[in-house]
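Laboratory data are not the source of any read-out in this text; all were calculated from the coordinates shown. Computed from a predicted structure; not experimentally measured. Here the Cβ positions follow ideal geometry from the backbone for every residue, glycine too, while neighbour counts run over all protein chains shown.
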Amino acid sequence: MDFYQARPALGADERTQLVGWLDLQRKLVRHKLAGLRAEDEHRAVLPDSPRMTPAGLVSHLRWNEHVWFNVVFLAEPEADNPSFQKEPKDAAWIVDGVPLARLLDEFDAQWAQSNEIVAAHSLDDLGKQSDFAPSLRWILIHMVEETARHVGHLDTMRELLDGQRGYY
């Protein structure tokens, strides 16, 4: 994929730019993991972060989108989202034995659902949770930041796991 062409048009409207930049970061997740050896999918490379694995990070990204678009913005129940579990800590990151391909497919399905939510609402609409109600615009900007930061983590993981590097 030509990631330069995947960027939103320079003169695009605000919604197109926000969703376009977020979609680019989402696509980069799959790109960064292409060709990863099966034995490295669940391997931690940071000694003090045993749950920070490629597979764990993809699971976190999937559930994080669910938190922001489904729970915070739409006020859907949080019960099915492991991010809200008290124990074990960081449950959304614990995916031992779950194939990375499945986690990537679940992430793709979640961000497709997130984009449907965005398409159906104004950027000025506020989240429906009573105690925390950011605008959809705020959530999109946050999700660009969050996803891009984790794409950077994937850069580091790949370099430490198998030496793969690249701008995109």
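Values as computed for the structure displayed
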read-out: Linear extension gain, residue 48 paired with residue 101, 0.36 nm per residue minus alpha-carbon span; value: 16.5 nm
read-out: Table column - 3J(HN,Hα) (Hz), the range 157-163, Karplus curve with 6.51, -1.76, 1.60, x for Gly and Pro; value: 4, 4, 5, 6, 6, 9, x
read-out: For residue 129, residues with placed amide H under 5 Å, excluding near neighbours; value: 75
read-out: Paramagnetic label zone (point 7 Å from Cα along Cα-to-C-beta, residue 37; backbone N under 19 Å) in the range 143-168; value: 154-166
read-out: Ranked 149, 158, 62, criterion: other C-beta atoms within 10 Å, fewest first; value: 149, 158, 62
read-out: Values of log10 I(q)/I(0), in the order q = 0.18 Å⁻¹, for the range 36-162 under a Debye, Cα-only, solvent-free model; value: -0.99
read-out: FRET efficiency, residue 80 to residue 13 (Cβ-Cβ, R0 22 Å, nearest 0.05); value: 0.05
read-out: Karplus-derived 3J(HN,Hα), 6.51/-1.76/1.60, for each residue of the range 36-42, Hz, glycine and proline x; value: 5, 5, 3, 5, 9, 4, 10
